[in-house]
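Take a look at the structure set out below.
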Amino acid sequence: MIRRLCSGSGLGLGSRFGGVRLSKRFVFLILLSALVTVCFGAIFFLPDSVRLRRFFLLPAEPQRTDSAGSGVGLGPGAGAAAGSRHRQTEAHVGPARRWQKERPGKESASEEIGQEVTERERGLGGLENGAEVQEASKSRYPPLLEAGTEPADQDARSRREKVKEMMKFAWDNYRQYAWGTNELKPLSKSGHSSGLFGGLLGATIVDSLDTLYIMGLQEEFREAREWVETNLDFSVNGEVSVFEVTIRFVGGLLSAYYLTGDELFKVKAIELGEKLLPAFNTPTGIPWALINLRSGVGRNWGWASGGSSILAELGTLHLEFVHLSEVSGNPKFAEKVMKIRKVLNRLEKPHGLYPNYLSPVTGHWGQHHVSIGGLGDSFYEYLIKAWLMSDKTDEEAKTMYYEALQAIEANLVRKSSSGLTYIAEWRGGILDHKMGHLACFSGGMLAMGADDAPTDLSKHYMELAAEITITCHESYRRSATRLGPEAFRFDGGADAVATRMNDKYYILRPEVVETFMHMWRFTHDPKYREWGWETVQALEQHCRVEAGFSGIRDVYSSLPHHDDVQQSFFLAETLKYLYVLFSEDELLSPDHWVFNTEAHPLPVIQRNTQEQVITNDQ
């Protein structure tokens, strides 16, 4: 508007300039100078000057069209179009421009961040044309598939289709009965809320984005994207779990962006990342467990050892926050999680072990409880995954991982009387001979890290991974439902079975099938696919109800009672891992992708082709 007024006025004055008397030319000259000064002053000095300058100096972004029609979600099963995952439908072109059109005169936080990110990308890329930058950035990301879409094995193909059908069934019932809420109550046929998310809504939708896309459920992905664009709101006045929101929402949005190239997901991820940053405003930089997204006020769980932060929570932010820096070009996200490492490295560790509680105020350990299951688990997972995601350049993460692994094996790994290998818990020097379902991810973790271990330990770690996987499978096999309990014991005559009622439940957890998937990919031993198929059949028989899937209260009862919750991670993790288990290795190849702890695939950051956002302090 200002530019148009200036241009029009200038032309009008100039066209009449020659027809006036000399005595009046100075008057016109003064008026013209004043008008030009006002116009250009407004352009360069008003608060909106950055966008106006860009409007003045940069060429307009060319309009893109989609020659492929409406093909969204070009995952396996989408045929030859699978290689065209970066094409955008009309619904995906220019989300920021469309928001401006729908809400004239009012800019949202998403729009402001979107514009800021676009400008930063242009500056970093050294390109003037925004479309060129977007296409160049998309070309950096690895393909969903390297080659082929169908498993060579007919049984694997049919089993993968069954898993896809389960996903569609779970999604369709959520869509019908709980749309927009966090999770589905499949018996009550209503929405389920959780204190983990405060007033934040749509956990199942965001958690399911990449699963829908990978499975080629195109219409379902489109409706999920539409909800994210129109309804995903972070300006809620409520406390959320920093950990859960990071792994589910930030991880889900980042993964959707990397898989599709759709800017909407990137802008939303960065907006949410900004909302989470106040959680790190502690004396040590160790984040609070809970943050109010509106006020930025943080605190820890009341039950956590003298106001401590939890190891698994503070240690399971690294992948997502490094990628937030990667997509935004702003190092502040990565700097926050790198500071956590500095605190951890400075502390003396009892027997080389990391206790589960750490004060964000003093930077000292709380009670000395060590677990590879709940409270500790994904901290160790993110060390080896940070090494892999960094294209094997993050030497600090590698060193921390293998040193921790040596301490775990020396102090926690034991064999039962029947020869089953398990990882016990450690309470101030006393072993508690139990292993949680959550700890069963460790078989896959050990396999992931075996190749890069010291030469004399690579084979040993693969053997240890196989032994842990057998133990976790036994916890399933020894129940009436062929589903594993929340925790199982190895004392008092127990051997991989739960002895307490409050350990006998199963809430659709993914950790065991996650390990089956990794072990299959590293060994191609067919038993891992067979064990995964056993789990599919058990889920169908005992957890599938009329309107979705439900957890069960007692895995040892052949007629189990359902808990009436379809967890969002069932769609994000359990079904995705099963689908990948029955797919070819080219789908989300581990050479190019790393799953976050919620099974959201994030690309390996190829430092030879991308600008390095952070460097480890030496």
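Structure notes:
- For Ala466, the criteria (1) part of a helix (DSSP H, G or I); (2) buried (at least 22 other Cβ atoms within 10 Å of the Cβ) hold in every case but one, which is (2).
- Count - residues of region 274-283 that are assigned to a loop (DSSP other than H, G, I, E, B) and buried (at least 20 other Cβ atoms within 10 Å of the Cβ): 0
- Residue check for Ile423: within 29 Å of the chain's Cα centre (by Cα) and of a type in the set (A, V, I, L, M, F, W, C): yes
- Under the condition of being open to solvent by less than 50 Å² (accessible area, probe 1.4 Å) and at pLDDT below 50, the residues counted in region 601-618 number 4.
- Scope region 509-527; condition open to solvent by less than 10 Å² (accessible area, probe 1.4 Å) and more than 19 Å from the chain's Cα centre (by Cα); matching residues: Val512, Phe516, Met519
- Leu431 satisfies every condition listed in (1) closer than 22 Å to Lys349 by Cβ; (2) touching a Phe, Trp or Tyr at 6+ places or on another chain (Cβ under 6 Å) except (2).
- Elements of the type strands (runs of 3 or more DSSP E) sitting completely within region 179-267 and holding at least 2 residues that are open to solvent by 10 Å² or more (accessible area, probe 1.4 Å): these cover 190-192.
- Failed criterion for Ala538 (all others in (1) farther than 24 Å from Ala170 by Cβ; (2) in contact with a Lys or Arg (Cβ under 6 Å, 6 or more places away or on another chain) hold): (1)
- Residue tally, condition in contact (Cβ under 8 Å) with a residue 60 or more places away in the chain and within 16 Å of Lys392 (Cβ to Cβ), over region 447-464: 4
- Residue list for region 300-345, filter: in a loop (DSSP other than H, G, I, E, B), small (Gly, Ala, Ser) and over 20 Å from the mean Cα position of the chain (by Cα): Gly302, Ala304, Ser305, Gly306, Gly307, Ser308
- Among residues of region 435-463 being acidic (Asp, Glu) and assigned to a helix (DSSP H, G or I), the one that is surrounded by the fewest Cβ atoms within 10 Å (Cβ to Cβ) is Asp456.
- Residues that are among the small types (Gly, Ala, Ser) and under 23 Å from Glu165 (Cβ atoms) within region 540-563 comprise Ala547, Gly548, Ser550, Gly551, listed in sequence order.
- Filter result for Lys527 (assigned to a helix (DSSP H, G or I), of a type in the set (D, E, K, R), within 30 Å of Pro601 (Cα to Cα) and without any contact (Cβ under 8 Å) to a residue 12 or more places away in the chain): yes
- Counted residues, region 472-508 - those being part of a loop (DSSP other than H, G, I, E, B) and either farther than 29 Å from Ala450 by Cβ or within 23 Å of the chain's Cα centre (by Cα) (or both): 14
- Residues being open to solvent by 10 Å² or more (accessible area, probe 1.4 Å) and among the hydroxyl-bearing types (Ser, Thr, Tyr) - total across region 301-319: 1
- Count - residues of region 552-600 that are charged (D, E, K, R) and either under 20 Å from Tyr528 (Cα atoms) or buried (at least 23 other Cβ atoms within 10 Å of the Cβ) (or both): 6
- Strands (runs of 3 or more DSSP E) wholly inside region 346-434 that include at least 1 residues being open to solvent by 50 Å² or more (accessible area, probe 1.4 Å) and farther than 23 Å from Gly444 by Cα: 425-427, 430-432
- Reported count of residues in region 316-346, each being without any contact (Cβ under 8 Å) to a residue 24 or more places away in the chain and either among the hydroxyl-bearing types (Ser, Thr, Tyr) or more than 15 Å from Leu383 (Cβ to Cβ) (or both), is 1.
The values are calculated or read from the model by the stated rules, or taken from the named source; none is laboratory data. As the structure is a computational prediction, the values presented were derived from the model and not from experiment. Virtual Cβ from ideal backbone geometry, glycine too; neighbours counted across all protein chains shown. Accessible surface areas use protein heavy atoms only, side chains included; no ligands, DNA or RNA. Shrake-Rupley method; radii C 1.70, N 1.55, O 1.52, S 1.80 Å.
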